[in-house]
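Asker: One structure is given below, represented as structure tokens, and several questions about it will come after.
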Amino acid sequence: MTESEQHGQKPHTFKSVASLTRRPSSPLGKSFRFCRSKCHRNFKMKRNPRKLKWTKAYRRNAGKEMVVDGTLLFGQRRNEPVRYDRDLVQRTLTAMQRVSEIRQRRERVFYKRRMAGKRVRELASARKLVAENEHLLPRMRGSEKKRLEEMAAAGEEVDIEAEEMAATRTYKTKAFGQEKRRLRVRADGEVEEAMDLD
């Protein structure tokens, strides 16, 4: 095993892979290749790539990227030199494009599977947060609650979010930045404005 293989260096056909992050970088004839100065700095600090969240090694370990896939084998380093053949090069170039298309499709499917159920989990955590910190939420006045209940009892459609948005509107002005205008509906039906500055 050579020194470059020990550090996980596997160059592609045209682009090589960075030693630390496993991202593509241009080959410069050096034994260690880095895609950017950030990677080189971290390598010199002897940081473990499996513990840095932005590296390929971490993402593969954490199951965020594909590990077992046939398209990944094409990018592996081969130590046997191949005699130049024009037809072979042409076939290789077309195959490379096809392989990249297949890999992109598989990565999209992998991502969709990984993210399946994320929205449900986020909603559940948001509901839990609201339930735990309900005392911090602004309270609706009793008269407004009664009015909404009466409207619901009468069979009219009540959009609570639209009601709340109508009650609080934000305006941007040059002088003050953001102003919140609270519109209060009085018992006699008149609209009253009260301004809060943020």
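The values are calculated or read from the model by the stated rules, or taken from the named source; none is laboratory data. Quick caveat: nothing in here was measured; it's all calculated off a predicted structure. Neighbour counts run over all protein chains shown; Cβ positions are idealised from the backbone, glycine included.
Asker: Do we have any residue at all in the range 83-93 that's farther than 29 Å from CYS39 by Cβ, surrounded by 10 or more Cβ atoms within 10 Å (Cβ to Cβ), polar (S, T, N, Q) and out of contact with any Pro (no Cβ under 8 Å at 6 or more places or on another chain)?
Answerer: Looking through the range 83-93, at least one residue is farther than 29 Å from CYS39 by Cβ, surrounded by 10 or more Cβ atoms within 10 Å (Cβ to Cβ), polar (S, T, N, Q) and out of contact with any Pro (no Cβ under 8 Å at 6 or more places or on another chain).
Asker: Take the conditions without any contact (Cβ under 8 Å) to a residue 40 or more places away in the chain and touching an Asp or Glu at 6+ places or on another chain (Cβ under 9 Å) and apply them to ARG83. Does it pass?
Answerer: Criteria not met by ARG83.
Asker: Ok, one more. Just to confirm my filter: which helices (runs of 4 or more DSSP H) fall fully inside the range 1-106 and include at least 1 residues that are at pLDDT 90 or above?
Answerer: Filter on the range 1-106 gives 37-44, 56-61.
Asker: Among the residues of the range 116-141, what is the count of those that are farther than 22 Å from LYS64 by Cα and exposed (fewer than 10 other Cβ atoms within 10 Å of the Cβ)?
Answerer: Residues meeting the conditions: 9.
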